[in-house]
Amino acid sequence: MPFILDDPTPPDPRRRWADLDRAARGAAYDNNAGVPDSAAQVAARNAASAEYRAAHPAGLDIPYAGAERAAFDLYPAADPRAPCLVFVHGGYWQRNARADFACFAEGLNAAGWSVAMPGYTLAPEASLAGIVAEIGAALDWLAAHGPEHGIGGKIVLSGWSAGAQLAAFHLGHPAVAAGLAISGVYDLAPIRDTYLNDKLALTDAEIATLSPLRLPVIPKPLAIAYGSRELPALVHDGRNLHALRSAAHAPGILMPVPGADHFSILNGFRRPDGMLVRAAQALLEDAR
């Protein structure tokens, strides 16, 4: 069973999961429907990311493995010893691409950090176990070959939405100093009861071994962020993971971001003084 904090607000729909039909269960995780202007936010993000990639072409599309999507976009700092944020994109493991999130390298680059954005094969072409393995391979590659591309500093592993599950899972990777999980899903069991599982086809083993809320706590710093306007299921997953880690005395803050929804929360990466940029910087202080 996953760790569950006894916190009634906002109401967590999974507490009455058995009473909900499949459509209602899907709605509990439908971030696009849950944010009225999600389409406009996504369009603006993609346009800004295309512009940022065009302005920084030198480190794009560098393979870390053989699959088509298994490649990095690298945005190195001027100092190869600078810290690096590895950002894993979301999309419920079945949509989006690293290129769509390039604009979120802007604030950290301006603050003197490197940023590395790995892509990964999407479901149903890959299982979740396969996706998890690809992110592990990406971290292996970056540790071995990052210095050749101007990235040799400490790594903070971050991810958003589905990417937050991937980041939290890989917090224990030897190359990772700390983690920043944003708006994540940390218990996979309810996902199997929704439309998202049509492509994921989650197995019992994947739920048991890939859900951060069902795994031993990794004693490295992990900040857990969510927007105050997130769907309740994601709010509770973030709170539950932080409570589980706190009970084990693992370092890392819980960051409710006032007024932020599932998409706007990432704007905290757009400026060098943004909340997520500052959170990444603080994590390396905790990791010392």
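The values are calculated or read from the model by the stated rules, or taken from the named source; none is laboratory data. This structure is a prediction, so every number in the text was calculated from the model and none was measured. Glycine also receives a Cβ, built like all others from the backbone with ideal geometry; neighbour counts cover every protein chain displayed.
Just a few scattered comments:
- Unique match (being of a type in the set (A, V, I, L, M, F, W, C) and in a loop (DSSP other than H, G, I, E, B)) among 208, 250, 243: 250
- When residues in the stretch 77-87 are screened for being of a type outside the set (A, V, I, L, M), under 18 Å from residue 62 (Cβ atoms) and assigned to a loop (DSSP other than H, G, I, E, B), 1 of them pass.
- The condition (being within 20 Å of residue 14 (Cα to Cα), at pLDDT 95 or above and out of contact with any Lys or Arg (no Cβ under 9 Å at 6 or more places or on another chain)) is satisfied by just one residue among 241, 200: 241.
- Pick from the stretch 38-70, criterion in contact (Cβ under 8 Å) with a residue 60 or more places away in the chain and among the hydroxyl-bearing types (Ser, Thr, Tyr), ranking: surrounded by the most Cβ atoms within 10 Å (Cβ to Cβ): 64
- Residue check, residue 74 touching a His at 6+ places or on another chain (Cβ under 7 Å) and either acidic (Asp, Glu) or outside any loop (DSSP other than H, G, I, E, B) (or both): yes
- Residue check, residue 202 of a type outside the set (Val, Ile, Thr), in a strand (DSSP E or B) and touching a Leu at 6+ places or on another chain (Cβ under 7 Å): no
- Exclusive hit being modelled with pLDDT under 95 and surrounded by fewer than 19 Cβ atoms within 10 Å (Cβ to Cβ), set 15, 81, 22: 15
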